[in-house]
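Asker: Here it is, the structure, as structure tokens.
The values are calculated or read from the model by the stated rules, or taken from the named source; none is laboratory data. Please read these numbers as outputs of a predicted model, since none were measured by experiment. As a convention, Cβ positions derive from the backbone with ideal geometry for all residues, glycine included, and neighbour counts pool all protein chains shown.
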Amino acid sequence: MLREFFHHWELSIFEDDAADRCPQAFGWGLENLGDVKLEGKGSELVEVAAALRAGSENFYRTKEITGVTFDGTRLAFDSPFPSPDIEVQRVSARLFESPSAEGRAIVVVPQWNADKGSMVQACNILN
């Protein structure tokens with residue numbers, strides 16, 4: 001039952017904006033590696049990944065979180081990870097409290113192409 005529901009729902013979402021879809025060039029995401037500079041894009045990337053993994057405590061260490069706001073249901077803060085994409089410079093989350101949660105929580109993470117409120121309905125259903 002749920003499988004068929006979600007299948008039809010996903011198809012309707014896909015069909016709503018199918019005309020707006022256009023091919024994009026593949027990107028390696030090298031611009032998100034910070035100070036790492038690469039001449040090529042093949043084996044050098046493997047070498048950089050190995051070096052970053054060896055020093056992962058430094059790679060994953062974040063700067064101090066700034067711009068924190070919380071109004072009781074909405075949390076927001078400035079991303080400690082620089083990005084050329086303005087949309088991801090600010091992190092936001094919304095709390096859906098349930099009286100029957102008993103200390104448990106579910107974290108719902110929208111997919112990459114989700115619109116601003118797409119997961120609100122899912123959270124209301126799970127709540």
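Asker: For residues that are polar (S, T, N, Q) and within 11 Å of the chain's Cα centre (by Cα), tally how many sit in segment 90-103.
Answerer: 1
Asker: Could you list all residues from segment 104-121 that are of a type in the set (Val, Ile, Thr) and within 15 Å of the chain's Cα centre (by Cα)?
Answerer: We begin by selecting, within segment 104-121, every residue of a type in the set (Val, Ile, Thr); these are 106-109, 120.
Val107, Val108, Val109 - these are the residues of segment 104-121 that are of a type in the set (Val, Ile, Thr) and within 15 Å of the chain's Cα centre (by Cα).
Asker: Right, something else. From the residues in segment 25-56 that are at pLDDT below 75 and hydrophobic (A, V, I, L, M, F, W, C), which one is nearest to Pro80 (Cα to Cα)?
Answerer: Checking each candidate, the answer is Leu33.
Asker: Tally up the residues in segment 57-82 that are among the acidic types (Asp, Glu), assigned to a loop (DSSP other than H, G, I, E, B) and closer than 15 Å to Ala93 by Cα, please.
Answerer: Number of matching residues: 1.
Asker: Suppose the filter is of a type in the set (Ser, Thr, Tyr) and either under 22 Å from the mean Cα position of the chain (by Cα) or modelled with pLDDT under 80 (or both); does Ser12 pass it?
Answerer: no
Asker: So, one more: Could you check segment 46-68 and list, in sequence order, the residues that are surrounded by 10 or more Cβ atoms within 10 Å (Cβ to Cβ) and touching a strand residue (DSSP E or B) at 6+ places or on another chain (Cβ under 8 Å)?
Answerer: Ile65, Gly67, Val68
Asker: Only one of these conditions is not met by Val88: (1) exposed (fewer than 10 other Cβ atoms within 10 Å of the Cβ); (2) within 19 Å of Leu30 (Cβ to Cβ); (3) β-branched (Val, Ile, Thr). Which number is it?
Answerer: So the condition that Val88 fails would be (1).
Asker: Pairs please, first residue from segment 93-121 and outside any loop (DSSP other than H, G, I, E, B), second anywhere and at pLDDT 85 or above, Cβ atoms under 8 Å, 6+ apart in sequence or on different chains.
Answerer: Partner pairs satisfying both residue conditions: Ala93/Arg74; Ala93/Leu75; Ala93/Ala76; Arg94/Thr73; Arg94/Arg74; Arg94/Leu75; Val120/Arg94.
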